[in-house]
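Input: a single structure, listed below in structure tokens.
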């Protein structure tokens, strides 16, 4: 099973629609176990549109991205919002990793559907890709229980 995927294409080709279809279809494959935990892989949609928080993006794009992921995981009910002290991208990633590794999350696994990532990826590639590396580290450290899909990486000529 692949731990990550990239969906690439120009504007208005249906990448976001495809991610939404994956999100909706994944809901039909989840079942509740006897302990109330979801059995299967929970798809979680994450928008990294920098316009959602332009000041936060400009200050620290990695922190902006990890806060967006954390908020989406809490909103989806995958993890609880019990850590107001998460102030850096590294502490947020480590907290998510710890919750998954300790089995305190509400599903067997997650598939992060990261959308509108153009600005984050552009900044990340200029900085030697530390955000992408941290996403891969999350997937690797949780033995594939956290999988990543992201879109779109749009060519500037589009």
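Please go through (1) crowded, with 20+ Cβ neighbours inside 10 Å; (2) out of contact with any strand residue (DSSP E or B) (no Cβ under 6 Å at 6 or more places or on another chain); (3) modelled with pLDDT under 90 for residue 70 and return the number of the only condition it doesn't satisfy.
So residue 70 meets the others, but not (3).
Tell me which residues, restricted to region 23-48, are under 30 Å from residue 119 (Cβ atoms) and surrounded by 15 or more Cβ atoms within 10 Å (Cβ to Cβ).
Across region 23-48, the qualifying residues are 23, 26, 41, 42, 43, 44, 45, 46, 47, 48.
For the list (1) in a helix (DSSP H, G or I); (2) buried (at least 17 other Cβ atoms within 10 Å of the Cβ); (3) modelled with pLDDT under 90, I need the number of the one condition that residue 64 fails.
(3)
Out of (1) in contact with a strand residue (DSSP E or B) (Cβ under 7 Å, 6 or more places away or on another chain); (2) modelled with pLDDT under 85; (3) crowded, with 20+ Cβ neighbours inside 10 Å, what's the single condition that is false for residue 142?
With (1) in contact with a strand residue (DSSP E or B) (Cβ under 7 Å, 6 or more places away or on another chain); (2) modelled with pLDDT under 85; (3) crowded, with 20+ Cβ neighbours inside 10 Å applied to residue 142, the lone miss is (1).
Can you confirm whether residue 88 is modelled with pLDDT of 85 or more, under 12 Å from the mean Cα position of the chain (by Cα) and surrounded by 12 or more Cβ atoms within 10 Å (Cβ to Cβ)?
no
Out of (1) in contact with a helix residue (DSSP H, G or I) (Cβ under 7 Å, 6 or more places away or on another chain); (2) buried (at least 18 other Cβ atoms within 10 Å of the Cβ); (3) over 20 Å from residue 22 (Cα atoms), what's the single condition that is false for residue 100?
(1)
Does region 148-158 include one or more residues that are more than 18 Å from residue 7 (Cα to Cα) and either out of contact with any helix residue (DSSP H, G or I) (no Cβ under 9 Å at 6 or more places or on another chain) or at pLDDT below 80 (or both)?
Checked region 148-158: no residue is more than 18 Å from residue 7 (Cα to Cα) and either out of contact with any helix residue (DSSP H, G or I) (no Cβ under 9 Å at 6 or more places or on another chain) or at pLDDT below 80 (or both).
Is one or more of the residues making up region 116-131 within 18 Å of residue 97 (Cβ to Cβ) and either at pLDDT 85 or above or assigned to a helix (DSSP H, G or I) (or both)?
Within region 116-131 (the criterion being within 18 Å of residue 97 (Cβ to Cβ) and either at pLDDT 85 or above or assigned to a helix (DSSP H, G or I) (or both)), the answer is yes, since at least one residue qualifies.
Just give me the residues in region 49-61 being within 14 Å of residue 134 (Cβ to Cβ) and either surrounded by 15 or more Cβ atoms within 10 Å (Cβ to Cβ) or under 13 Å from the mean Cα position of the chain (by Cα) (or both), in sequence order.
Hit for region 49-61 is 61, nothing else.
The values are calculated or read from the model by the stated rules, or taken from the named source; none is laboratory data. Treat the numbers as computed from the prediction; the structure is a model and nothing was measured. Cβ sites come from the backbone with ideal geometry, for glycine too, and all protein chains shown count toward neighbours.
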